[in-house]
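Here's the structure, in structure tokens; my notes come after.
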Amino acid sequence: MDLKDLYRDVIVDHNKNPRNFGRLEPADLHADGHNPLCGDQLSVTVNMAGDRIADIRFDGSGCAISVASASLMTEAVRGKTLTEFASLHARVHELLTQHDSSIDPVSLGKLGALSGVREFPARVKCASLCWHTLQAALQHETNAISTE
Amino acid sequence: MNAATQSVIEQVGTRSVSSIRADFPILHQQVNGHPLVYLDNAASSQHPQVVIDAISQYYQKNHANIHRGVHTLSQRATDQFEGAREEVRRFINAGCSKEVIFTRGTTEAINLVAESFLRPRLQPGDEILISALEHHANIVPWQHVCQHTGAVLKVIPITQAGEVDFTAFESLIGPRTKLLALAHVSNALGTVVPVENFIAAARKAGVPVLLDGAQAIPHSVVDVQKLDCDFYCFSAHKLCGPTGIGVLYGREALLQAMPPWQGGGDMILTVSFEKTTYNQLPWKFEAGTPHIAGAIGLGAALRYLNSLGMQNIAAYEQQLLAYATRQLSKVEGLRIIGTAPHKAAVVSFVTKNIHPHDLGTILDTEGVAIRTGHHCAMPVMSFYGIPATARASFAFYNTFAEIDRLVAALHHAQNVMG
């Protein structure tokens with residue numbers, strides 16, 4: 001286990017300076033996510049233009065992996081259609097959880113920096129919380145999302 | 001100054017800590033390329049070889065189901081199992097072994113008292129008193145009985161240092177209070193609660209007292225008669241014993257009056273479809289085949305701890321606590337959560353820029369095992385307005401050099417996270 005696989009420069013940077021941090025007001029869509037294991041809490045607000053994510057913000061508190069993952073996600077999904085989001089979410093999920101994944105991290109751009117997370121099984125939930133939360137927002141689910 | 005540069009005598013009574021460490025095989029391994037530093041003892045402690053041997057000897061030579069068996073192995077197993085009960089009785093100085101009920105752990109012991117002792121006594125509006133320091137195991141069982149009976153859970157607040165507020169307690173205890181359930185030592189903060197004062201006040205008010213002793217019994221001499229509590233609960237696995245076994249001590253008169261909690265084999269005298277008569281104490285509360293090897297392992301653990309002396313263990317652990325508190329306080333941006341003057345060897349802390357969860361991962365890559373999170377005490381975290389802490393918890397087999405390793409790993413974490 002090499003720590004630098006987990007805390008890559010991109011991750012450290014996005015943790016210290018999260019992008020798109022805050023809340024959209026008003027927002028078309030909103031969902032809260034919670035990881036009871038470590039107390040991570042985040043909320044995602046989204047404005048849509050048709051079926052496209054026009055704008056997105058997140059806020060909350062959590063470990064470096066959850067904050068950086070959320071920050072990277074907001075950059076990656078802005079402008080994406082719901083179908084494109086679903087496909088990206090599936091690929092990120094595979095990258096985070098499957099050791100034999102054939103996905104080239106480079107093809108995911110900055111999100112590829114999350115590929116080290118799968119070597120640290122206890123931390124996968126930290127990285128995936130924001131994605132589950134955004135999915136819930138896009139599906140108009142109003143209940144808080146929990147990783148447990 | 002670190003341990004290497006000061007003349008520290010690491011000694012538990014007459015034994016050197018290095019010789020004690022030789023008793024614990026698990027401590028001698030590399031984790032992620034570094035010698036293991038195990039500082040998660042409040043979650044679960046490690047086992048000396050004598051405990052591992054007692055369990056494997058039982059399985060290799062003596063295993064059979066206990067009680068009622070007339071064959072040799074069953075008698076041996078019964079003798080060992082009941083012998084362990086007697087070891088527990090001596091260890092906590094209970095009046096008789098009938099007062100020692102084996103459970104799966106502290107949690108089950110508390111649930112037993114909640115369901116069998118308290119629930120039948122509760123009327124709507126009655127009150128159960130706990131503190132804001134409690135582990136979830138000493139909160140949720142009471143919430144259950146409240147839901148079923150209309151009783152109310154009252155919570156004694158804590159101070160900023162993490163002490164249970166005695167003045168507030170005095171105003172909360174009253175004619176409707178049907179039980180006081182208190183942690184003897186806080187698992188999240190390490191606070192030693194001066195339970196003697198609380199028990200004395202509860203006695204005066206005629207309120208029975210349950211102590212959650214899970215975190216106290218590994219670090220101190222516990223004498224249930226001297227404490228004068230009604231129930232005392234603890235788990236073997238925090239005492240160098242196996243998981244899946246624990247103890248409920250209860251005052252005999254109370255246990256006698258309580259109905260059985262779970263039904264099944266071993267807890268009965270006679271069964272017919274018309275009527276069942278129950279076994280006597282302690283077996284009335286031990287339905288089904290128990291964790292025989294667990295009890296035997298616990299007995300061996302208690303003999304081991306007695307050979308070191310709980311007083312000696314407590315004295316050495318206080319030295320570890322003082323050194324850890326001093327060294328951790330020097331780490332820039334680190335804040336210790338829980339600063340009661342009287343603590344067990346537990347240090348909970350947060351750092352300015354690094355989330356506890358990241359600390360836990362980074363320390364692990366340096367071979368240092370600590371716990372991070374809410375420690376099953378979410379109300380304590382809420383009180384301090386934090387989601388989680390990092391917690392280093394020490395046992396008598398830890399060394400000053402290991403505390404230096406912890407501090408060095410924290411500096412490393414600060415470098416990694418920029």
- Item | Pair list, Cβ < 6 Å and 6+ apart or interchain, from the stretch B:288-304 residues that are on the phi < 0 side of the Ramachandran plot to residues that are of a type in the set (S, T, N, Q) | B:Thr289/B:Asn65; B:Ile296/B:Gln80
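Could you identify the single residue in A:Ser87, A:Ser71 that is closer than 11 Å to A:Pro18 by Cα and either at pLDDT 95 or above or part of a helix (DSSP H, G or I) (or both)? Spell out the reasoning first.
Details: A:Ser87 fails: closer than 11 Å to A:Pro18 by Cα.
Only one candidate qualifies: A:Ser71.
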- Note on the structure: Sole miss for B:His357 among (1) of a type outside the set (Ser, Thr, Tyr); (2) over 19 Å from the mean Cα position of the chain (by Cα); (3) more than 14 Å from chain A (Cβ to nearest Cβ); (4) assigned to a helix (DSSP H, G or I) is condition (3)
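For the stretch A:28-68, enumerate the residues that are in a strand (DSSP E or B), out of contact with any Gly (no Cβ under 6 Å at 6 or more places or on another chain) and of a type in the set (A, V, I, L, M).
Keep residues of the stretch A:28-68 that are in a strand (DSSP E or B), which gives A:29-35, A:40-49, A:52-61.
Now restrict to residues that are out of contact with any Gly (no Cβ under 6 Å at 6 or more places or on another chain): A:29-35, A:44-49, A:52-56, A:58, A:60-61.
Scanning the stretch A:28-68 gives A:Leu29, A:Ala31, A:Val44, A:Val46, A:Met48, A:Ala49, A:Ile53, A:Ala54, A:Ile56.
May I ask you to verify whether B:Ser19 is of a type in the set (S, T, N, Q), at negative phi and not assigned by TED's automatic domain parsing to the domain that holds B:Ile296?
Working: of a type in the set (S, T, N, Q): yes; at negative phi: yes; not assigned by TED's automatic domain parsing to the domain that holds B:Ile296: yes.
In short, yes.
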- Task: Go through (1) within 15 Å of A:Leu138 (Cα to Cα); (2) under 16 Å from the mean Cα position of the chain (by Cα) one by one and return the number of the condition A:Arg52 breaks.
- Result: (2)
- Message: Please list, ordered by residue number, the strands (runs of 3 or more DSSP E) wholly in the stretch B:209-272 having 1 or more residues that are of a type outside the set (Ser, Thr, Tyr) and touching a Gly at 6+ places or on another chain (Cβ under 6 Å).
- Response: B:231-235, B:246-250
- Message: Which pairs turn up if I take residues in the stretch B:122-136 that are not assigned by TED's automatic domain parsing to the domain that holds B:Glu163 and look for partners that are part of a strand (DSSP E or B) and among the polar types (S, T, N, Q) with beta carbon separation below 8 Å, at least 6 apart in sequence or on another chain?
- Response: none
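If you check A:Asp55, A:Asp40, which single one turns out to be among the acidic types (Asp, Glu), within 14 Å of chain B (Cβ to nearest Cβ) and touching a residue at least 24 places away in the same chain (Cβ under 8 Å)? First the steps, then the outcome.
On the way: A:Asp55 fails: within 14 Å of chain B (Cβ to nearest Cβ).
Only one candidate passes the filter, namely A:Asp40.
Quick one: which of A:Ala136, A:Ala68 is surrounded by 19 or more Cβ atoms within 10 Å (Cβ to Cβ), more than 14 Å from chain B (Cβ to nearest Cβ) and under 29 Å from B:Gly373 (Cα atoms)? Reasoning before the result, please.
On the way: A:Ala68 fails: more than 14 Å from chain B (Cβ to nearest Cβ).
Selected residue: A:Ala136, the only one of A:Ala136, A:Ala68 that is surrounded by 19 or more Cβ atoms within 10 Å (Cβ to Cβ), more than 14 Å from chain B (Cβ to nearest Cβ) and under 29 Å from B:Gly373 (Cα atoms).
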- Message: If I ask for residues that are surrounded by 16 or more Cβ atoms within 10 Å (Cβ to Cβ) and either part of a loop (DSSP other than H, G, I, E, B) or hydrophobic (A, V, I, L, M, F, W, C) (or both), which ones from the stretch B:190-200 would you list?
- Response: B:Gly190, B:Val192, B:Val193, B:Val195, B:Phe198, B:Ile199
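The values are calculated or read from the model by the stated rules, or taken from the named source; none is laboratory data. Everything quoted here is computed from the prediction, not taken from an experiment. Here the Cβ is made from the backbone with ideal geometry for all residues, glycine too, and neighbour counts use every protein chain on show.
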